[in-house]
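Peer 1: Got a structure here, written out as structure tokens. Questions coming.
The numbers here are math on the coordinates, done by the rules we state, and not lab data. Quick caveat: nothing in here was measured; it's all calculated off a predicted structure. Cβ atoms come from the backbone with ideal geometry, glycine included; neighbour counts cover every protein chain shown.
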Ligand code: SF4
């Protein structure tokens, strides 16, 4: 029976250390990364160069494609929206933007008509878990292999990860998986971040330069769960990323029945919350909503203030999300 080792890589410190530990095993393995379309160029470079110093395999990229879902949504809108009372102007505008762009994150939001949020975090599943599953894991299982999926997860990161086993059988009897898929989490008991960076250093691998800018996590840039401080850092050092999200908000707003969609779903700034309540006083807030008032640009302005409120971080999320189990989003 063939046993295939597959290391999931994201360009972050934990998955880089996991890749290096797989190299130290001196046995063949595959490494895979999911291109979300919402990464910083430094992260693509970190992933693409991982094999150079370590002598490990080149990382294979997988990428979600939502062309079929967007096509289906077009048909649905043409048939149903006007019949459901959506103004003809909104229908026309939605159809005009509903074309696949080839950027997975943007296309996912076009299909869903919204950005993901902490409570509806479909991004991890659609952009990372499924493409790796469908592009790498399932074909290996279909060929009869046993697959060991290496995941860069540490118990010290969160309550949810604290209870994960180091080695875990996935699927089996009540699943469509054949019971030959296992998760392996070699970093699970490592507490110190320094120790994680040290594993990469002994292979001559530098940390993703984004850590040097003060970011605690890399991956989507920014992540929908990023902290207030991280958002201010992104704007301070990489304003073009905020411009990109501003443009995306305008596009997704056109594809959305409500006529607006914001990258951050939570309004944590007390001043913005007060404005929202003011808008909502007669229950018609949605109609008066504007991106200028609640969009990414306004969130960035708040992030630069010392006013209260904060974005929820990945570390405060509940147990059992795919992200916590698989470490797909560092
Ligand atoms: S890093 Fe954040 S935005 Fe990206 S897929 Fe994970 S949770 Fe979603």
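Peer 1: Once both axes come from the Cα atoms, what is the angle between helix 270-279 and the longest principal axis of the chain, in degrees from 0 to 90, rounded to 10?
Peer 2: The angle comes out at about 40 degrees.
Peer 1: Turning to a different aspect of this structure: What's the extension gain from residue 45 to residue 202 if we count 0.36 nm per residue and subtract their Cα-Cα distance?
Peer 2: Here the answer is 54.6 nm.
Peer 1: Turning to a different aspect of this structure: Using only Cα atoms, what is the ratio of the radius of gyration of the chain to 2.2 N^0.38 Å?
Peer 2: Dividing the Cα radius of gyration by 2.2 N^0.38 Å gives 1.06.
Peer 1: For the range 228-303, what log10 I(q)/I(0) values come out of the Debye formula at q = 0.16, 0.21 1/Å, with one point per alpha carbon and no solvent?
Peer 2: Once normalised to I(0) and log-transformed, intensities are -0.59, -0.95.
Peer 1: Kindly work out what percent of the DSSP beta bridges joining two residues of the chain are antiparallel, to the nearest 5.
Peer 2: 25
Peer 1: Another one. Which distance in nm do the two modelled labels at residue 173 and residue 281 give, with both placed 7 Å along the Cα-to-Cβ direction?
Peer 2: Distance between label points: 6.1 nm.
Peer 1: Compute the relative contact order of the chain as a whole-number percentage, counting only Cα pairs closer than 8 Å that sit 6 or more residues apart in sequence.
Peer 2: So the answer I get is 23 percent.
Peer 1: Can I ask one more? Find how much the distance from residue 1 to residue 79 grows on full extension, using 0.36 nm per residue of separation minus their present alpha carbon separation; answer in nm with one decimal.
Peer 2: Gain on stretching residue 1 to residue 79: 23.0 nm.
Peer 1: Counting each DSSP H run of 4 or more residues in the chain as -39500 (n - 2.57), what helix-only mean residue ellipticity at 222 nm follows after dividing by all residues, to the nearest 500 deg cm²/dmol?
Peer 2: So the helix-based figure for the chain works out to -11000 deg cm²/dmol.
Peer 1: Nearest 10 degrees, 0 to 90: what angle lies between the long axis of helix 239-254 and the longest principal axis of the chain (Cα atoms)?
Peer 2: 60
Peer 1: Does anyone have the angle between helix 88-97 and the longest principal axis of the chain? Alpha-carbon axes, 0 to 90°, nearest 10?
Peer 2: 30
Peer 1: Now for a different question. Can you say what percent of the DSSP beta bridges in the range 128-228, counting only those with both residues inside, are antiparallel? Round to 5.
Peer 2: Bridges in the range 128-228 are about 50 percent antiparallel.
Peer 1: Next up: Arranged from highest to lowest average of other beta-carbon atoms within 10 Å per residue, in what order do the peptides 291-300, 213-222 appear?
Peer 2: Per-residue mean Cβ counts within 10 Å order the peptides as 213-222, 291-300.
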